[in-house]
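Structure first, commentary second.
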Amino acid sequence: MKFCSACAHPVTVEVPPDDTLPRHVCHACGIIHYQNPKLVICTIPTWEENGETKVLLCKRAISPRHGYWTLPGGFMENKETTTEAAQRETEEEAGAHFELLPLHSLINLPAFHQVHLFYRATLLDLEFNPGKESLEVRLFAKSEIPWDHIAFATVTQALQLYFDDVAKVKHGGTFGFHAHDIMGPGYPGG
């Protein structure tokens, strides 16, 4: 940021009084511009078929990671709840009809100023179609997932955690909530 979004004067980066971190400060109007992490909200839409869990993945039609597979998701909008963002993104990218289930995983990406949230979801039918940000939308069993072509490390992590929980549920366990950090150069591709 070079200029104040309120008055268009140049800003400086400094630690304001009573603060501990450098901020963009406008001395002309006195506004301190705080920059905070972005929330990326995703779903893990699934379908049960012959006792096997399949997950719905989207092949990206946009950059970054064009042509790679991901879970439906994207940046949360202002005035939106996380559940509204999950529903909107899944409808936009996969055209899917689904029931949103509890939050499954939260993955921090401090180097990229992002937090990714993954909600479990159950598909209500097999009518889904790629939206404008997807080249293809397809169901995959765990053994069919193109692991080397997953777009983001957070998606790989969320899928692994999800399928670990599926195995636990089949033996009488329950789905858990998972919080992880991804630090380092492995992001975005893993």
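No lab work stands behind these numbers, since they all come straight from the coordinates. Values in this document were obtained by computation on a predicted structure and should not be read as measured data. Positions of Cβ are generated from backbone atoms using ideal geometry, with glycine treated the same way; all protein chains shown enter the neighbour counts.
Pairwise inverse Cα distances across the chain, averaged and inverted, put the Kirkwood hydrodynamic radius at 18.2 Å. Ellipticity at 222 nm from helices only: DSSP H runs of n ≥ 4 in the chain, each -39500 (n - 2.57), divided by the residue count, give -5500 deg cm²/dmol. Take each peptide in 166-174, 139-147, count the other Cβ atoms within 10 Å of every residue, and average; sorted highest first, the result is 139-147, 166-174.
Overall, the chain carries a charge dipole of about 400 debye about its Cα centre when +1 sits on the Cβ of Lys and Arg and -1 on the Cβ of Asp and Glu, all other atoms neutral. Quick one: of LYS132/LYS168; LYS142/LYS168; LYS38/LYS142; LYS2/LYS59, which pairs are farther than 26 Å apart, Cα to Cα? In this structure, LYS132/LYS168; LYS38/LYS142; LYS2/LYS59 lie more than 26 Å apart at Cα. For the range 107-165, state the average projected area of the convex hull of the C-alpha atoms over all orientations, rounded to one decimal in nm². Hull-based average projected area comes out at 5.4 nm².
Neighbour counting of Cβ atoms within 10 Å sorts the residues HIS149, HIS24, HIS66, fewest neighbours leading, into HIS66, HIS149, HIS24. I want to make sure I understand the PRE zone here: with the label point 7 angstrom from the Cα of ARG88 toward its beta carbon, which residues in the range 32-65 have backbone N atoms less than 16 Å away? 38-43, by backbone N distance to the label point.
A Cβ-based charge dipole, computed about the Cα centre of the range 1-109 with Lys and Arg at +1 and Asp and Glu at -1, lands at about 520 debye. In a DSSP loop and with at most 13 other Cβ atoms within 10 Å, the GluC sites (Glu not before Pro) in the range 1-84 are GLU77.
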